[in-house]
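What follows draws every value from the coordinates through simple rules; no lab data is involved. These numbers were taken from a predicted model, which means no experiment stands behind them. Reconstructed Cβ throughout: ideal geometry from the backbone, glycine too, with neighbour counts over all protein chains shown.
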Amino acid sequence: MSCAKIDPALHVEKKPDWIKVRLPSNPVFFSTKALVADLKLHTVCESAQCPNRWECWSQGTATFMIAGERCTRACGFCAVSTAKPFPLEIDEPQRVAEAVKRLKLKHVVITAVARDDLKDGGAEHFARTIRAVRETDPAIVIEVLVPDFHAQGDCLKVVLDAQPEIFNHNLETVERLTPLVRSRAKYATSLEVLKRAKEIWPRVVTKSGVMLGLGETENELFQAMDDLRAANVQVLTLGQYLRPTPQHLPVVAYIPPETFALYGDIARNKGFEYVASGPLVRSSYHASDFHPVPPREGA
């Protein structure tokens with residue numbers, strides 16, 4: 001398989017038995033959905049068609065997607081729409097903070113679409129949201145899942161100066177497949193983002209994720225793990241790529257749960273402090289299960 005296209009003969013369409021998602025029945029799911037709608041917020045749970053949204057929302061948790069739901073990039077795997085974004089909503093940080101308060105969260109994940117139309121890529125909006133949430137609950141663990149900001153150090157510093165406990169940026173796939181999967185992103189840039197985050201604020205926990213089933217080889221996956229460890233990444237998530245629409249990249253392979261378990265063990269042996277590896281694992285899935293976070297300045 002080349003980086004330019006995926007051989008149709010390699011496509012697999014039928015989902016195996018281990019890819020199962022329960023439909024919602026817990027009333028907490030519906031109350032969470034209503035709260036998000038009431039505060040006019042976006043969640044990556046809905047915009048990216050996350051398969052775990054029923055479970056997470058039933059537990060009263062959500063990953064908030066700030067800076068709108070229109071992305072300036074068109075990645076081959078992502079269900080978020082690509083279009084000219086609307087202007088930033090100045091009161092959005094306060095609305096996110098209010099949602100966190102109502103949901104009584106102890107760990108919140110804040111992500112955003114890529115905003116290449118903004119000079120700072122939305123970095124200051126991230127920082128304002130972090131500070132608003134922190135004012136609501138000084139003890140809360142804040143995790144950010146950021147775009148690459150083109151590895152601009154000043155943008156990264158703006159986000160990190162707001163002192164999130166966990167800084168997440170997804171590698172998404174192996175180096176060979178990056179031009180296909182993320183046409184406007186670069187493998188080396190993502191590694192640089194993660195490396196620089198740790199250099200800017202050494203006490204932040206760095207995290208990244210990789211999707212499997214796009215045609216990567218095991219050796220390529222293991223090399224990606226090594227590259228992430230070389231960038232001092234501490235937390236890794238491995239999950240199955242699921243095709244959101246027929247217009248997106250096809251699934252080349254469904255990886256069985258036992259293989260995910262093996263890959264998880266290999267990643268731990270490579271030095272990752274925490275690894276979540278399974279077919280339905282996503283960047284924010286059970287994010288609060290990872291507890292060892294460094295103290296903030298002054299703590």
Where labels lie 7 Å past Cα in the beta-carbon direction, separation of Ile19 and His248 in nm: 1.0
Karplus 3J(HN,Hα) series, Hz, for region 137-146 with 6.51 cos²θ - 1.76 cosθ + 1.60 (x for Gly, Pro): 8, x, 8, 5, 8, 10, 10, 10, 10, 10
Cα-Cα over 30 Å, subset of Lys198/Lys270; Lys14/Lys195; Lys186/Lys270; Lys15/Lys207; Lys106/Lys195; Lys119/Lys198: Lys14/Lys195
Calculated P(r) of region 203-258 - Cα pairs past 16 Å, %: 51
Lys106-Asn219 FRET efficiency (beta carbon distance; Förster radius 41 Å; 0.05 resolution): 0.55
Label-point separation in nm, Arg203 to Asp154, each point 7 Å along Cα→Cβ: 2.7
Equivalent ellipsoid dimensions for region 106-238 as semi-axes, Å, which come from the Cα gyration tensor, largest first: 26, 16, 13
Backbone N under 18 Å from the Thr189 label point (7 Å along Cα→Cβ), restricted to region 87-106: none
Förster radius 45 Å - calculated FRET efficiency between Glu258 and Asp91, Cβ distance, rounded to 0.05: 0.40
